[in-house]
Amino acid sequence: MSIFSLPHQGDNQALEVFGTKLIGFTPDNGRKLLITLAFIICMVVLHWLLKSLSNLFLQSRRSEKVVFWVRQGISLFLSILTLVCVLSVWFDNPTRLATFMGLVTAGVAFALQKPISALAGYLVILRGKTFGVGDRITMGGVRGDVVALRFTQTTIMEMGQPPAVQDDEPAMWVHARQYTGRIVTVSNSKVFDEPVYNYTREFPYLWEEMRVPISYKDDRKQAERILLDVATRHTMKTRDISEDALKQLTNQYFMATPDVTPKVYWRLTDNWVELTVRFIAPTHGVRDLKDAMSRDIIDALDQAKIGIASGTYEIVGLPPVRIAT
């Protein structure tokens, strides 16, 4: 007695195991299954081989984005090729394929709405040039550098938040735009629900501000000259580079050409004059730049005998206190 038995001519085309017919499992289906598995294995090996070759020929740091786009192209090409070949193996009849695809599409659209939206978001990111690996973005409430981009998820190396938004969710303990150490994955479908802020694409510079309160009794014009001098010295190279990038940006988009030279603005308050120095800065390294500027500003203000104003309170009297025994 054999464990497996093949169907005879004219019998039901189902294999038998221990005398039990396996419904739907025929020799033809078995051959298709083996071909499918062999083809998938070949695609996996081919993907690994092409990925290794891309790493071999594009090893330089400057080619990081080129490596990323080459890998994305390889993954998309092999995925589409695998899908087409597998469907060709199992559905040689166009009518059966159309019926199958209609049923599958309806079921998948209902059960996998979020993954499909994420995949559609991936295509929008690539086609719309929203961002790429290495860009600094804010997406889904997460700010940081994009370290990986996959079919359904974007991986971000999170960075801290400035003090003005420290209390926002999720909680932050880093008080500047520097890495927190957390790796965050965000669904690509967020591009349909929320705006994506890109800090580096096409114009990798930011306009930054530093506010310094100066007492009404001190030399405010001298304080302004100090702020302008410090900002000019620390942003001279950045201004030269950013002007060329700004020209390219204005040629591509309909926008007025903003000024990149440092400038100081005054604002009157009840207690002091708030001097705000505005300057251009690179996207990365802002904290180091502002730290160096703050040190120079404090030294220059001390030499000019100009103090930084602060809120003070004077108690002029207390109500009488009676102690009852």
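Remark: pairs (first residue in segment 30-50, free of Cβ contacts under 8 Å to residues at least 40 places away in the same chain; second residue outside any helix (DSSP H, G or I) and not β-branched (Val, Ile, Thr); Cβ separation under 8 Å; 6+ apart in sequence or on different chains) = Gly30/Leu15. Among the residues of segment 205-215, none qualifies, meaning not one is in a helix (DSSP H, G or I), surrounded by 14 or more Cβ atoms within 10 Å (Cβ to Cβ), in contact with an Asp or Glu (Cβ under 6 Å, 6 or more places away or on another chain) and assigned by TED's automatic domain parsing to the domain that holds Arg278.
Restricting attention to segment 115-127, which residues are without any contact (Cβ under 8 Å) to a residue 12 or more places away in the chain and within 20 Å of Val70 (Cα to Cα)? Can you show your working first?
Start the filter on segment 115-127 by keeping residues that are without any contact (Cβ under 8 Å) to a residue 12 or more places away in the chain, which leaves 116, 123, 127.
If the condition is that a residue be without any contact (Cβ under 8 Å) to a residue 12 or more places away in the chain and within 20 Å of Val70 (Cα to Cα), then Leu123, Arg127 are the ones that fit.
In segment 184-199, the residue that is farthest from the chain's Cα centre (by Cα) out of those that are surrounded by fewer than 13 Cβ atoms within 10 Å (Cβ to Cβ) and not charged (D, E, K, R) is Phe192. Applying the criterion of being at pLDDT 90 or above and of a type in the set (A, V, I, L, M) to the residues of segment 160-191, the residue that is farthest from Val286 (Cα to Cα) is Val191.
Given Val146, Val133, which one is at pLDDT 90 or above and surrounded by 15 or more Cβ atoms within 10 Å (Cβ to Cβ)? Please lay out each step first, then the result.
Values: Val133 fails: at pLDDT 90 or above.
After applying the criteria, what remains is Val146.
Are any residues in segment 247-269 within 25 Å of Ala292 (Cα to Cα), touching a residue at least 24 places away in the same chain (Cβ under 8 Å) and either assigned to a helix (DSSP H, G or I) or among the basic types (Lys, Arg) (or both), and if so, which ones? Listed by number, the list holds a single entry, Lys263.
The values are calculated or read from the model by the stated rules, or taken from the named source; none is laboratory data. Small disclaimer: the values here were computed from a predicted structure and weren't measured. Glycine gets a Cβ as well: all are built from the backbone with ideal geometry, and neighbour counts include every protein chain shown.
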